[in-house]
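Note sheet for the following structure.
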Amino acid sequence: MRLDELEALYRSRFDTFARVAASVTGDSERARDAVQEAFATAVRKRRSFQGSGPLEAWVWRIVLNAARSDVRRNAAQVAYDAPTASNGHPETDAELRAVLARLPERQRTAVFLRYYADLDYASIGEALGIRTGTVAATLNAAHAALRTQLEEART
Amino acid sequence: MSEIERASLERILPTAGGSADWNDVIGRARSSQRRHRRRLVAFAATTLVVVVGAASAIGGVRTFLLDRGFIGLPPVGATPSAPESGELVLRWWGASATHRRQHWRGGLAPYVGAWVYADGRMIWWRDGQVPAGANGLTSGYLEQRLTPEGLELLRSEVVGLLDHTRALLEPVPADPDPSPGPYGGLTLFVPEDYGSNWGEVWVPDGERFVRLQWRHIDAMGGPSFEGTIATPKQLSALRRVDALLTDPTSVLPPSAWAVREVRAYVPSHYAVCIDTSPPKDAAYLLSLLPAQAADVLRDESRTRVESDVVTNTRDDERMRVAGRWATYCSKLTTEEAREVADAVSGLERHKGFRSYSLVYRLAEGAHDWEATTISFDPYLPDGQFMKWGGPR
């Protein structure tokens, strides 16, 4: 894999990587640091990329591992339950944030990868180190939990 | 699903904590590489004196060649076999009648693997007492080198001999099973006194490989194999192919060799594989490893293969499917593999394979086949590797 392919991915998707990483670390600065470290790792190990899946999925796995390592080092708690400034959807966003915060980390990350980063199931599987069938099951479980808890929150 | 919309996620995700900076990424990569090199230099320091001494003793030669086979990782600084990759032209794998000794495994023939490459390299291992072998049970991977003329002599004779069994030659599957079979398919059945009860040899046939496999005549009529009983001429040809590929030093003329002396094959890459039954997620398996080993393996690409565990679990000794097995393998440079191996070196070695391969137990299971292990096996120049040192 060529260095310029990695650079192009970094430049076009930096924001997405950094924001999803922040959902793991709970801290934007540390998430940026994790993304920088992860891309540095990808640059160093790019010759080991065998091309059996998309480059982006491989990089996602490195980014998520870097973010998780940061959490282990800093014992951070992901804080979703504090509402953000009013943006026209304060109530529903606060509910969704609270419900997402209660999901297991793998389910929550799968949701962000699927619906925010727009990855397909195979890429999510590669990024999370699980099989494609397990991705479907993980997302189904997340959907079920979100549906139930959002309904409870709204009644 | 209505409750998950990108716009909602966009609003609730924290904003990026700074802007993109590719130069910073490159700077971090370089400083990480420098740290990595410093670690390797520190590790190599203990052997430097030996290497320099050896080089001086042989007149300033800068390579560090090993004159004995080894199991696991090579000594630090050992010169890898060159070139790193090579085109396979012949392969042997099986019990060798040439090396059969009455005292070995109750008179059974020792197993031999041999790979011949277009650049003249012949890489092989053999079980039993082998001069320059790694230990008393196996040679480890060894290397010799043929001249272009020697290679052509060997190749043409093997191909010519296999003409006697042309009707049994089958194309090698694109992704051949790395285990010793049973494969099924066309087979040459050999009598009990032949000296080898199984094996296969690959030869090129245009763009692909074809193989001849043989089995003890007892396998005839079984569910896996169909074929014919070997004629005297076919047996004689097979015996000669066996000698050519498993004992070429004795059979080929001295002029066939560019390097007749046997040296260790030092690979550039290792297959680092985690085996587990029942199958488990890679993330869980990595959590069983010491942090330093997990850190190396976490970011590597890996393949995953799942298969049945077939074993005799009951008193009647019939083989049955007892469960499922998953194998994750990553291709690591020798130095990366060494980093992992060093990190797991405090774990218990797998006793059954101690003499043949570097295999550590990561976790026990309810049954012996459910143990979780990590193994280190060399990659050959054509990209093959044999897990756990090959079949035993």
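Points to keep in mind about this one:
- Residue-level analysis places A:Ala40 outside the set of residues that are assigned to a helix (DSSP H, G or I), open to solvent by less than 60 Å² (accessible area, probe 1.4 Å), within 15 Å of B:Ala16 (Cβ to Cβ) and at pLDDT 90 or above.
- Looking only at segment A:43-54, and only at residues there that are part of a helix (DSSP H, G or I) and either in contact with a Cys (Cβ under 7 Å, 6 or more places away or on another chain) or open to solvent by 30 Å² or more (accessible area, probe 1.4 Å) (or both), the one that is modelled with the lowest pLDDT: A:Arg47
- Odd one out for A:Glu29 among (1) modelled with pLDDT of 85 or more; (2) closer than 26 Å to A:His143 by Cα; (3) open to solvent by 50 Å² or more (accessible area, probe 1.4 Å); (4) of a type in the set (Asp, Glu): (2)
- Qualifying residues in segment B:348-392 (those that are outside any helix (DSSP H, G or I) and at pLDDT below 80) - the one surrounded by the most Cβ atoms within 10 Å (Cβ to Cβ): B:Gly390
- Scope segment A:5-30; condition acidic (Asp, Glu) and more than 9 Å from chain B (Cβ to nearest Cβ); matching residues: A:Glu5
- Yes/no for B:Asp299 being open to solvent by less than 60 Å² (accessible area, probe 1.4 Å), without any contact (Cβ under 8 Å) to a residue 12 or more places away in the chain, out of contact with any Cys (no Cβ under 6 Å at 6 or more places or on another chain) and within 30 Å of B:Ser32 (Cβ to Cβ): yes
For (1) more than 14 Å from chain A (Cβ to nearest Cβ); (2) assigned to a strand (DSSP E or B), each residue gets a yes or a no:
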{"position": "B:Pro267", "(1), (2)": "yes, no"}
{"position": "B:Val309", "(1), (2)": "yes, yes"}
{"position": "B:Ala326", "(1), (2)": "no, yes"}
{"position": "B:Glu339", "(1), (2)": "no, no"}
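- Filter result for B:His103 (within 30 Å of A:Ala31 (Cβ to Cβ), exposed (fewer than 15 other Cβ atoms within 10 Å of the Cβ) and modelled with pLDDT under 80): no
- Condition met for B:Ser307 (hydroxyl-bearing (Ser, Thr, Tyr), open to solvent by less than 40 Å² (accessible area, probe 1.4 Å) and over 28 Å from A:Arg47 (Cα atoms)): no
- Residue in segment B:109-117 that is more than 18 Å from B:Lys387 (Cβ to Cβ) and open to solvent by 10 Å² or more (accessible area, probe 1.4 Å) present: no
- Some residue of segment B:217-230 being closer than 28 Å to B:Asp299 by Cβ and not aromatic (Phe, Trp, Tyr): no
- So A:Arg97, is it within 10 Å of chain B (Cβ to nearest Cβ), at pLDDT 85 or above and part of a helix (DSSP H, G or I): no
The values are calculated or read from the model by the stated rules, or taken from the named source; none is laboratory data. Since the structure is predicted, the reported quantities are computational estimates derived from the model, not experimental observations. A quick note on method: Cβ atoms are made from the backbone with ideal geometry, for glycine too, and the neighbour counts reach across all protein chains shown. Keep in mind that these areas ignore ligands, DNA and RNA; they rest on the heavy atoms of the full protein, side chains included. Shrake-Rupley method; radii C 1.70, N 1.55, O 1.52, S 1.80 Å.
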